[in-house]
1. Quick one: what are the phi-derived ³J(HN,Hα) couplings along the range 102-113, Karplus 6.51/-1.76/1.60 with θ = phi - 60°, whole Hz, x for glycine and proline?
2. Order by neighbour count: 310, 86, fewest other Cβ atoms within 10 Å first, most last.
3. If R0 is 56 Å, what FRET efficiency do you get for residue 253 and residue 61 from their C-beta distance, rounded to 0.05?
4. Taking the Cα centre of the chain as origin, work out the dipole magnitude from +1 charges on Lys and Arg Cβ and -1 charges on Asp and Glu Cβ, in debye rounded to 20.
5. Of 412, 296, 110, which is farthest on the positive side of the dipole of the chain, counting Cα position, with +1 on Lys and Arg Cβ, -1 on Asp and Glu Cβ, and the Cα centre as origin?
6. Taking just the alpha-carbon atoms of the range 543-584, what radius of gyration and Dmax come out, in angstrom?
7. If each residue's Cβ is checked for other Cβ atoms within 10 Å, how do 71, 430, 574, 21 rank with the fewest at the top?
8. Which pairs, out of 199/305; 199/350; 464/555; 236/341; 219/418; 100/199, put more than 25 Å between their alpha-carbon atoms?
Amino acid sequence: MPIISKIGRKSFKTSILLTSMYVLLALGSVTMVYPFLLLVSGSTKSAVDTPDSVVIPPFLVNDSELYKKHMEGFFNESMTLMRACYQNDASAFRLVESPKGINQKLIDEWSAFLLESNLPHFYYGVSYTTATVSKGVIPKNLRKYKSLTSDRFGGDLKKLNAVLGTQFEAWSNFYVSTDDFMQRYSSIGSTPWENEYYKFKMDVPLNERLYFTADGFYKEMFLKSQYPGGLAQYNKEHGASWTSWSDARLSRTVPAGSAIDRQEWDFFVRNIIHPRWLRISPEIAPAYRAYLGERYGSIGALNAKYGAAYEGFGDIPPYDAAPPEFGIQASDWSLFLQGWKNPESGNEFKIPAELIAITGIDFIFRDWLISKYGDLEKLNESVGTAFKSPNDILPPQAAYHFNDFKKRTGGIRIEFLKRNHLTVFDYLFMHGRALINTIIYCALTIICSLVVNPLAAYALSRFKPPSTYKVLLFLMLTMAFPPVVTQIPNFLLLREFNLLNTFAALILPGLANGYAIFLLKGFFDSLPQELYESASIDGASEIRIFLQITMSLSKPILAVIALSAFTGAYGNFMMALLVCQDRSMWTIMPFLFELQQNSGQGVIFASLLVASVPTLIIFILCQNVIMRGIVVPVEK
C-alpha cells in the first residue's frame, strides 16, 4: 500500500511536495553525473585544452579548436619547432590560427618537390611521436612504431634490447627522442636502435613529416635569443622597420649589408648551425691541407689518427659537399670552421666567410622552383605568387599541412578521443600480466571470501558456542585498526613464510573478514529455525544444510560480500605493491599508480575511467541479487 493514496495525490500541497522531491532527486543526480561527464571529457585532453573544464570537449564541435590540438600533437608539443617550421610568432598553441590566403598552386609545387627530391631522413622530423608536455601519452606514430617493433621481435623485450642495443626495462618505457638536426650539438646516430628508427622515418607519409628550415631555425634559435628586447631592439640596432620576425631572411652566403648583419651571419654559421648544413667552396682545399699540416706536423701522424693511408697532405680531399659526422675528422673540420690558432707558431687557420654557403630544404626548394620556371617572373605568373626576390620563397608547410588537416578532421577527432585510453590499455594490457594477475587475484579473493566467512558465521549462528559474543567482539575489534597498521606485520610474516611475490601473499592477509562474518551471522540468525529442524529430522548432514539451505537463502548478503571482496581486491595497490615487488606479479592498480605518477591530466582521467569499468560491471551483475534481498523481506 502506498504511503500517499491516489486521493491524497490530488491535493495541491501533496503535488508541491512530490514536485519538490523530484526536483531534489534530479539535482542530486546532476551532482553525480556532472563530475563523471567532466571525467569523460577530461580523458580526451592534452596540454592545449587542459585549462578547459567543460562537459563537451571544444575540439569535437569546433574545427579551430581541433586545429590547435592537431598542431600541438603534430609538432610533438614543441612551440619552438612549430615557429621554426612555420615561421610564425605564435606564443602558445592555444593562440595558433589557421593560415589565410592559401595558394593551392604553390602547395601543389611543394608536393611535387617532396615527391621528386626524396630527401634524407635528417631533413625532417616525424609528427605525433612524443608528448613532452602532456606526459605519458603514446601518440599515433609512436604507437605505430612500437607496434612494428614489437611484432618484429614477437613482443620479446629482452630480444629487442639485445639486438638493438637498448635498455628498456618494460614496454611502457619505449620512446623515441625528438629529432633536432639543425643544432650544432646534434648528431646523426649510427647505433642499431637509431638506424631502426631512421628506417621507420623513411616510410612515414609526406603529410606526417615536418621539415626543418634553415631560415626558420636562424630566426627562432638565433635572432630572437640575440635580441631579448624583441623586434623593437632589433630594428633599433639594425636600422630596420620590420613589423614581424617573419620579415627576416637568412642569406645563403655572407650578406652584403651592414657590418652587424655580416657579424651575426658569421657567428651563426661558425657556432650555431650544424656543419652538415654548410657547403664550402672547393677553393678551400689548399688552406685546409695547410691547416692539417700545421696541426699534425707529418702525414704519418695524421694517418695514425685518421686510420688512413695518404701519401701526402695533397691527397686529402676537402669536405665541400658535407663534412663527416663523427670522429677526429669531424672535430678537425669543426675547429677549422670556427678558427684554430697554432700555439707554437701563432698561425691562425679559418675558413673565410666568403667561401661558406648555407643549405637547407628552403634553399633547395627555392632553387628547384627557379630551375623549373626559369626566372622569378615566370614563376609568379604560373603559380600566382608575387615574390619580389628569390629570398621571399619559403616552403608552404603551414598551408600544406592545413589542407591535409581539412581532409582528415574526422580521423583526427577520433584519434584525440581514443589516444589517452589507448595509452592506458597499452600500459596495462598489451605487455605484461596485469590483466591476468588481476583476474586471478579477484577471483581467488571472492571464492575465499564466500567460503571462509560463511563457514565461520555459520558455526557461530548454528551452534551458538558460549564464547560467541567474545569472538564477535574480537572480530569487530579488527575494524578499529586501519589496514595500514597491519601492513608491516603482514609483510614480515609473509617474508618469513617465503610467500612474497605470490598470490598467497595477496589473499591470506584478508582471508577472513570480521565485518563480513558479523553481517553473515546476523543474516543467518534471521533464517527460520524450522528449516534446520526439518532438515535434521530428514537426516541431512550439516554440509548439506549449509549448502542447500543457508547458502541458498543468503544470496543477497553473499552478493554484498562478493562485491565488497572484489572492490577490496581490485582497488588494492599499496599492499600489492608491498608484497609483490616483482612487476610480473603486479595487478592493474600498481600499474595505474605508476602510470599516474608519470602522466598528465588527460592520461590520469583516462586511467580512472578505465579503472572504473570493471567495478561498474560487477555492481550491475550483483545489484539484482542485492535488491531481491531488500524487497523479499519487505513483502514477507
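1. 6, 9, 5, 5, 5, 5, 5, 5, 4, 4, 5, 4
2. Going from least to most buried by this count: 310, 86.
3. 0.65
4. Here the chain has a charge dipole of around 2560 debye.
5. 412
6. Every Cα atom of the range 543-584 included, Rg and Dmax give 16.0, 44 Å.
7. With the sparsest Cβ surroundings first, the list reads 21, 574, 430, 71.
8. As for pairs spanning more than 25 Å Cα to Cα, those are 199/305; 199/350; 236/341; 219/418; 100/199.
Bear in mind that the values in this text are calculations on the coordinates, not laboratory data. On a predicted model such as this, the values are computed, not experimentally measured, just so you know. When we count neighbours, we look across all protein chains shown, and the Cβ atoms used for this are built from the backbone with ideal geometry, even at glycine.
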